[in-house]
Amino acid sequence: MNTLLKFDNVDFYYQTKTEEIKALSSVNFEVSDQEFCSVVGPSGCGKTTILSLTAGLLKASSGKILLKDKPVEKNDSRIGYMFQRDHLFEWRSIWKNITLGIEIQKPQNKEAKLELAENLLKKYDLYAFKNQRPSQLSGGMRQRVALIRTLVLEPQLLLLDEPFSALDFQTRLKVCDDVYEMIKSEKKTAILVTHDISEAISMSEKIIVLSSRPAAVKSVLKLNLKGKTPLEKREDPTFGELFDKIWKELTNEEKK
Amino acid sequence: MKKKNNNNLHAMYSKTHYEYVRKIKRDKTFILSMQILLFVAFIGLWELLATVNIIDPFFFSSPSRIYTTFVSLISSGSLWTHIGITLFETIIGFLIATALGTLIAILLWWNEKLRRILEPYIIILNSLPKIALGPIIILWVGSGATAIITMCVLICIVITTISMMNAFLSCDKDKVLLMQSMHANKFQIFCKLILPSAIPEFLSVLKINVGMSWVGTIMGEYLSSSAGLGYLIVYGSQVFKIDLVMTSTVLLCLLAGLMYAIICVIEKKFKR
Ligand SMILES: Nc1ncnc2c1ncn2[C@@H]1O[C@H](COP(=O)(O)OP(=O)(O)OP(=O)(O)O)[C@@H](O)[C@H]1O
Ligand SMILES: [Mg+2]
């Protein structure tokens, strides 16, 4: 499959008053079209930095970040970002929340996007809550609304920064399944940042393991687990093996 | 919806819950009746002590004397003028201070450099007792309504600016990032995120300003005025008409309470 995103020798420094913090050190990786890719690494290693760079919210100090062979830029509409918390606006209805991006960008094909929004709500069983406030929804439903809000803008690449970490374990498994299904059926490419190894294994086709700060790519694992959903994939016989492998790489890292 | 629930209490809830709700209601009734009792006792005691001359009604007035003064003020027609003037000054001062203060806060949020430059001055202005500026205000804008409204605005505006600016700045950074990731410009970020998320703070600023604008107006009227409730209080105390002072004070209490109640209604509307 063809490459959608490519990090080519990317360095990144944060500038602070007292020092220069090197967050990324020659990061190289590729993500193919419609691939589900996870990024795992010790906390504070630079995972969020990688997503912010991809979204064009930060600019690489050196190296290249290419999306379909073109450098990413600020306000790149090919990218959708989903955060750790859903950040739904309490003062807006569900409908007003998911159409926020349309309201901001005022796209030419506005009608088509509004229709897409309506269809997504229907498809993922949230249409009945259209006029409700976010506070009336459960945590899992809120995350689905947040995902729809991102999907409505039809990005090619979805960036997910620990979107499930605020949920309790059971909801989390369920929402993982839902989100996975949504991303797959909408044929999106996704990069998921997570500190949960099992989550990474169960959801992705590729896992990028990062070293501690400054982050460099330690290894890239391609997976091909049996099963349609993340939950089913957890049953795969190689699951435990993979888990151990990634766990060792990460813990080695921390001892060093 | 709440009302409906109450009607169906027996049908919908268990006995324990019914008793629980009843207890809440009982407590509420008790507190309200104690409040009324306290008020009546206070008035009654005041009247009694004045009648039997334990306190001198010349200095302390009494409820009945306040009532008589009130009635005579109404029949002479001057009461409405005084109330009207004070109310006008307060409302105008309140509106100007709230609008202007919020506008300044928006500017300071918008421009970080400007905010940092002005920060020390705002802090000094905030800690300055604004009443000290009274004589200067009269020199600059002349005495009368303009001076009083200026005083009122000065007292409210600094705290409005500071509270609103802090509310704007305390908005969740990740939410701002989310707006940016959807390519919102600064104006959109302000209108669709910063402003709506500052509404609760705005409502509490409104409440504070109701109180403060009365302080401002009355202070202004103490300094220079020829009419208004503050004027009646100063005039009354100078000519030892304590009844007049007390009547005006009671009226002030009622008006300030009324304005506060109106704000509470607005708040409820906003909160839904
Ligand atoms: N705005 C900033 N200014 C200076 N340093 C920063 C800034 N943001 C992040 N850093 C530093 O850069 C490093 C990488 O940050 P980043 O947020 O990418 O880590 P992360 O892997 O997402 O961490 P976590 O697992 O906690 O989410 C961290 O050590 C952090 O201290
Ligand atoms: Mg992070």
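The values are calculated or read from the model by the stated rules, or taken from the named source; none is laboratory data. Quick caveat: nothing in here was measured; it's all calculated off a predicted structure. So basically every Cβ, Gly included, is an ideal-geometry build from the backbone, and we count neighbours across all protein chains shown. Only protein heavy atoms, including side chains, enter the accessible area calculation; ligands, DNA and RNA are left aside. Shrake-Rupley method; radii C 1.70, N 1.55, O 1.52, S 1.80 Å.
Give me the net charge for the shell around B:Met212: Cβ to Cβ below 14 angstrom, other residues only, Lys and Arg +1, Asp and Glu -1. The partial results should precede the final answer.
On the way: positive: B:Lys130, B:Lys207; negative: B:Glu89.
It works out to a net charge of +1.
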Heavy-atom accessible area per residue of the protein assembly as shown, all protein chains kept, 1.4 Å probe, expressed in Å², is 54
Taking a straight Cα-to-Cα line shorter than 22 Å from B:Lys207, and setting aside same-chain lysines fewer than 8 residues away, one finds B:Lys130, B:Lys268, B:Lys269, B:Lys271
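Quick check on my link table: of A:Lys130/B:Lys175; A:Lys74/A:Lys184; A:Lys228/A:Lys248; A:Lys184/A:Lys226, which ones sit more than 23 Å apart, alpha carbon to alpha carbon?
On the way: A:Lys130/B:Lys175 21 Å; A:Lys74/A:Lys184 26 Å; A:Lys228/A:Lys248 27 Å; A:Lys184/A:Lys226 15 Å.
As for pairs spanning more than 23 Å Cα to Cα, those are A:Lys74/A:Lys184; A:Lys228/A:Lys248.
Report the B-A buried area as the accessible area lost on both sides summed, probe 1.4 Å, in Å² to the nearest 100.
Values: alone 17150 and 12960 Å², together 28330 Å².
In total, chains B and A hide about 1800 Å² from solvent.
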Quick calc: nm separation of the 7 Å Cα→Cβ label points for B:Leu103 and A:Ser43 -> 4.8
Candidates A:Thr238, A:Thr150, A:Thr189; GNM for chain A (alpha-carbon contacts under 10 Å) flags as most fluctuating A:Thr238
In short, region B:151-185 residues buried by 20 Å² or more of accessible area relative to the isolated chain (1.4 Å probe) are B:Asp172, B:Asp174, B:Lys175, B:Leu177, B:Leu178, B:Met179, B:Gln180, B:Ser181, B:Met182, B:His183
With the 8 Å Cα cutoff and a minimum separation of six or more residues, chain A has a relative contact order in percent of 26
Nearest-0.05 FRET efficiency for B:Val176 and B:Phe58 at R0 = 56 Å, using Cβ-Cβ distance, is 0.30
Which of A:Ser77, A:Ser138, A:Ser26 fluctuates most in a GNM of chain A (C-alpha springs under 10 Å)? That residue is A:Ser138
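Dipole of chain B, Cα-centred, from +1 at each Lys and Arg C-beta and -1 at each Asp and Glu C-beta, to the nearest 20 debye? It would help to have the intermediate numbers written out before the result.
Values: 24 positive and 13 negative charges, 298 e Å.
About 1420 debye.
Going from most exposed to least, what order do B:Met182, B:Met212 have by accessible area with a 1.4 Å probe?
Heavy-atom accessible area, descending, gives B:Met212, B:Met182.
Taking only C-alpha pairs under 8 Å that are 6+ residues apart, what is the relative contact order of chain B in percent? Mind showing how you got there, number by number?
Values: 236 pairs, mean separation 64.6, N = 272.
RCO, chain B: 24 percent.
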GNM of chain B, Cα pairs under 10 angstrom: of B:Ile24, B:Ile199, B:Ile262, the biggest fluctuation goes to B:Ile24
The percentage of the accessible area of region B:61-271 (probe 1.4 Å, all protein chains present) made up of carbon and sulfur atoms, to the nearest whole number, is 73
Under a 1.4 Å probe, counting only protein heavy atoms, A:Phe169 has an accessible area in Å², nearest 10, of 130
Inter-part gap, Cα centre of region A:145-193 to Cα centre of region B:187-233, in whole angstrom, is 46
Counting only protein heavy atoms with a 1.4 Å probe and every protein chain in place, the carbon and sulfur fraction of the accessible surface of region A:109-223 in whole percent equals 47
Of all trypsin sites (Lys or Arg not before Pro) in region B:90-136, the ones in DSSP coil with at most 16 other Cβ atoms within 10 Å are none
Between the modelled labels at A:Ala128 and B:Ile266 (7 Å from Cα along Cα→Cβ) the distance in nm is 3.9
Here the membrane-span-like helices of chain B, with no claim about any membrane, defined by DSSP H, Cα axial extent at least 27 Å and mean Kyte-Doolittle at least 0.0, are B:15-51, B:78-110, B:145-169, B:199-223, B:242-271
